[in-house]
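What follows is a set of notes on a single structure, which appears directly below.
The values are calculated or read from the model by the stated rules, or taken from the named source; none is laboratory data. This one's a predicted model, so the numbers in the text were calculated from it and none came from an experiment. Glycine also receives a Cβ, built like all others from the backbone with ideal geometry; neighbour counts cover every protein chain displayed. Remember, those area values only see protein heavy atoms, side chains included, never the ligands or the DNA or RNA. Shrake-Rupley method; radii C 1.70, N 1.55, O 1.52, S 1.80 Å.
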Amino acid sequence: MSRRGSILHTRTHWLLLGLALLCSLVLFMYLLECAPQTDGNASLPGVVGENYGKEYYQALLQEQEEHYQTRATSLKRQIAQLKQELQEMSEKMKSLQERKNIGANGIGYQGNKEQAPSDLLEFLHSQIDKAEVSTGAKLPSEYGVIPFESFTLMKVFQLEMGLTRHPEEKPVRKDKRDELTDVIEAGLEVINNPDEDDEQEDEEGPLGEKLIFNENDFIEGYYRTERDKGTQYELFFKKADLMEYRHVTLFRPFGPLMKVKSEMIDITRSIINIIVPLAERTEAFAQFMQNFRDVCIHQDKRIHLTVVYFGKEGLSKVKSILESVASESNFHNYTLVSLNEEFNRGRGLNVGARAWDKGEVLMFFCDVDIFFSAEFLNSCRLNAEPGKKVFYPVVFSLYNPAIVYANQDAPPPVEQQLVHKKDSGFWRDFGFGMTCQYRSDFLTIGGFDMEVKGWGGEDVHLYRKYLHGDLIVIRTPVPGLFHLWHEKHCADELTPEQYRMCIQSKAMNEASHSHLGMMVFREEIEMHLHKQAYRTNSEAVG
């Protein structure tokens, strides 16, 4: 029992003892006054000289007995009331202590120090169990996925843009800024004050002091909201002089933030096998290898490249490009697989995955017109886990530079086109070709369906297989992954569904809504300018 409860119990004990002593004192005084006089000549009570019989004294004793019974009943009632109040106080103190102990797993929100009662805590934990946080959910189609949106300290990368929102923006609304700030602070609280069940060890700084993380160590985060359950946050932190990342998962079940887990992730030895299926397009491959040299060879250095080439035409050129990069950079971690058959992306990725014979490996399925950063490669490692998670990043697809930069003499270099602007590109939320997953998961699920022919269908089919399974699918826009524009050709032999998807992709890749509108209404705009010029000339002559 708490100290306060002990003091209350002691006071009650002495109160009861005092009441008992008082009752005994009153009874003793009564007996002294009511007892017969010891002097034999003393008169009996009443009028002098008047004699009383036995009945009188019996009635008098009965009256006094009834009086004391009434008094005793009153005291018993007061004692019972005191006991009830004491019990209520004891239960209240016990409840407060339990709430304090149980609430230690919860994180206070917006400075609220009051902890949730046990029944509310059970409800909040049930919300986490229902949400897709620790295990994946079986979904009927790709439209059932709730995608993540990613954010840094300064920006939010959002999928659902509409005509008024931007793919990359600072949180304008105060509630969104406050929300993300509170989430980052809550993640830092979890890392800097870990619980005993956290999968991390206390680290020390260079001078032996406790290692403390701050907001500048925040690398990136993802969040999504399930409207009937709550909001999930995935946060990643890293010290500049350390190799390990700290990963914190938080969940807001329409209540206070609650820690799901806190762990240390070591990606220093995580090799990525980048698999690129290719047919012809040697110029695009040369540009791809320039990006590969800058990011993978000079920066990351934990990459293996697998190129699966279809056909004979252009094969020697691809070999020459690979050999040139290998000799210039002393890079030999690549494999070239040649297939003398018609191009099939799913077939190429299947062959590339099985060409690896060194056990488990993280694979990045990539196309030749993809530009990626070193930060993306780390995101790939952080968001894929064998038997647990697969990563389906949303690519930022660039528009036709001839339209975007029509007012310039020539489009700028590719590196200068890599900006997240509304008129420069869009989040390719209907594309599922770029993905990071472990080889064991890919083989277990059966890889690509070779019965799917033509454009696009094999990617969606594989994606759906993961959605129907138990693995968690991480779907979020990634700022370090770009799809470079190239002209698309939709073949006549495609099925009606595939052809519709190809045309839709072709249309969306050309230009933004505003640029397309200007092209559609070009004649009307030119006519208006002609009228304005004619009116100005007329006024000048007049």
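For the stretch 448-542, give me every one of the helices (runs of 4 or more DSSP H) that falls completely inside it and has 1 or more residues that are in contact (Cβ under 8 Å) with a residue 60 or more places away in the chain, of a type outside the set (Asp, Glu) and closer than 30 Å to LYS130 by Cβ. Spell out the reasoning first.
Details: elements: 457-468, 496-510, 513-520, 522-541.
Here the list reads 457-468.
One line per residue, one yes/no per condition, for (1) within 16 Å of PHE371 (Cα to Cα); (2) open to solvent by 40 Å² or more (accessible area, probe 1.4 Å); (3) modelled with pLDDT of 95 or more:
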{"site": "PHE236", "(1), (2), (3)": "no, no, yes"}
{"site": "PHE254", "(1), (2), (3)": "no, yes, no"}
{"site": "PRO277", "(1), (2), (3)": "yes, no, yes"}
{"site": "PHE292", "(1), (2), (3)": "yes, no, yes"}
{"site": "CYS296", "(1), (2), (3)": "yes, no, yes"}
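Note on the stretch 327-343: among residues that are of a type in the set (S, T, N, Q) and under 19 Å from LEU305 (Cα atoms), the one that is surrounded by the fewest Cβ atoms within 10 Å (Cβ to Cβ) is ASN330.
Taking into account only those residues within the stretch 369-410 that are among the small types (Gly, Ala, Ser) and not in a loop (DSSP other than H, G, I, E, B), which is surrounded by the fewest Cβ atoms within 10 Å (Cβ to Cβ)? Selected residue: ALA402.
Could you list, in sequence order, all residues of the stretch 481-507 that are modelled with pLDDT under 85 and among the hydroxyl-bearing types (Ser, Thr, Tyr)? The answer is SER505, and nothing else. Note on the stretch 422-444: residues that are touching an Asp or Glu at 6+ places or on another chain (Cβ under 8 Å), at pLDDT 90 or above and not hydroxyl-bearing (Ser, Thr, Tyr) amount to 4.
Among residues of the stretch 420-447 being in a strand (DSSP E or B) and under 22 Å from the mean Cα position of the chain (by Cα), the one that is nearest to GLN158 (Cα to Cα) is TRP427. Suppose we filter VAL460, VAL473, VAL478, VAL520 for residues that are open to solvent by 50 Å² or more (accessible area, probe 1.4 Å) and either at pLDDT 85 or above or more than 29 Å from the chain's Cα centre (by Cα) (or both); which single one remains? Of VAL460, VAL473, VAL478, VAL520, the one residue that is open to solvent by 50 Å² or more (accessible area, probe 1.4 Å) and either at pLDDT 85 or above or more than 29 Å from the chain's Cα centre (by Cα) (or both) is VAL520. Please state which of the following conditions LEU305 fails to meet, knowing it meets all the rest: (1) modelled with pLDDT of 95 or more; (2) open to solvent by less than 40 Å² (accessible area, probe 1.4 Å); (3) out of contact with any Cys (no Cβ under 9 Å at 6 or more places or on another chain). Result: LEU305 passes all but (3).
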